[in-house]
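These notes concern the structure reproduced below.
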Amino acid sequence: MAILGILTCEILELEFAYLLNSDKDIARISVLENDRSARMLAALESAKTRKLNRIAGLESFAPDPQCGLEVLVHVLELGLHNRKKLLQQGLVDAARAMGPRVDALLLGYGLCGNALEQPDELLSDAGVPIFIPMDEDHPVDDCVGLVIGGRRSYYEEQCKVAGTFFMIPGWTCHWQRMFDKEFGNLSVDMARRLFKNYERSLLIPTPIMSEETMKQNSNGFNTLFGLREEIRPGTLDILTETLNSAKTLLNSDDC
């Protein structure tokens, strides 16, 4: 029996739901139920997974001795990205709480403004191995870098059009959060000034969401800021490799 803990931002909730549900090695998926995990839970339910286990709190999580590999998921609020220290402290607190209950931790984050430049050191109190999505020899820059396939692809698109807003599936669902008090707290006028030099939104679809749905979700954003829309296919390869690396370690330790 082995337990993999996952700490992820809301932006990547659907990617994790897709990968965990389709992974035949995972016997049960326990998700901490709250407002932030609602979309992930809905995605798992719509896929009619038999693996799903809702829990009200970490203290109510009880490993199933009959399971080979379990996953315990805590979805953290998007607002933690407001400040580097806020994100770091949020992850430290969540890792400390989850560490005693799992054998390894997988992070649904990248460097995120260098907040996770040294994840093993930052989250050392968890007491378990830490896995973060890697782009060659360094963590991915952020959720966009993860889904677009790494820094090289990210930079290539920035060079094409400097004023690009990258729309991965999660951002098409959450872009309006920039106006929330606890996140961006922007007024519409302020947002328009912020995006005045932007020219396009680049949709980066993956298997979790169709191009048509992404277009529908981001139409309001493009209209508000007067952006043209372009598309570049995304990938789940880096996230899949990270999950597989964590599973390999757990299997080798015979957890």
Residue among ASP103, ASP141, ASP135 that is in contact with a Cys (Cβ under 6 Å, 6 or more places away or on another chain) and either outside the structural domain of ARG28 (by TED's automatic domain parsing) or among the acidic types (Asp, Glu) (or both): ASP103
Among (1) assigned by TED's automatic domain parsing to the domain that holds ILE6; (2) closer than 27 Å to SER30 by Cα; (3) not aromatic (Phe, Trp, Tyr), the one test that LYS84 misses: (2)
Single unsatisfied condition, LEU122 versus (1) surrounded by 16 or more Cβ atoms within 10 Å (Cβ to Cβ); (2) more than 19 Å from LEU146 (Cβ to Cβ): (2)
Tell me yes or no: at least one residue of segment 69-83 is free of Cβ contacts under 8 Å to residues at least 12 places away in the same chain, farther than 25 Å from GLY150 by Cα, outside any strand (DSSP E or B) and more than 16 Å from the chain's Cα centre (by Cα). no
Identify the single condition in (1) at pLDDT below 95; (2) within 29 Å of ASP141 (Cβ to Cβ) that SER46 does not satisfy, given that it satisfies every other one. (2)
Single condition ASN21 does not satisfy, out of (1) in a helix (DSSP H, G or I); (2) among the polar types (S, T, N, Q); (3) farther than 21 Å from ILE208 by Cα: (3)
If you go through segment 88-113 one residue at a time, how many are over 22 Å from LEU243 (Cβ atoms) and either touching a Pro at 6+ places or on another chain (Cβ under 8 Å) or part of a loop (DSSP other than H, G, I, E, B) (or both)? 1
Regarding GLU117, is this residue more than 17 Å from the chain's Cα centre (by Cα) and either at pLDDT below 95 or part of a loop (DSSP other than H, G, I, E, B) (or both)? no
Inter-residue pairs, beta-carbon under 7 Å, first more than 21 Å from CYS9 (Cβ to Cβ) and in segment 35-54, second outside any loop (DSSP other than H, G, I, E, B) and basic (Lys, Arg), 6+ apart: LYS51/ARG28; ASN53/ARG28
Do we find a residue being within 28 Å of LEU116 (Cα to Cα) and free of Cβ contacts under 8 Å to residues at least 24 places away in the same chain anywhere in segment 209-230? no
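The values are calculated or read from the model by the stated rules, or taken from the named source; none is laboratory data. Just so you know, these numbers come straight off a predicted model, no measurement behind them. We place every Cβ from the backbone using ideal geometry, glycine too, and count neighbours over all the protein chains shown.
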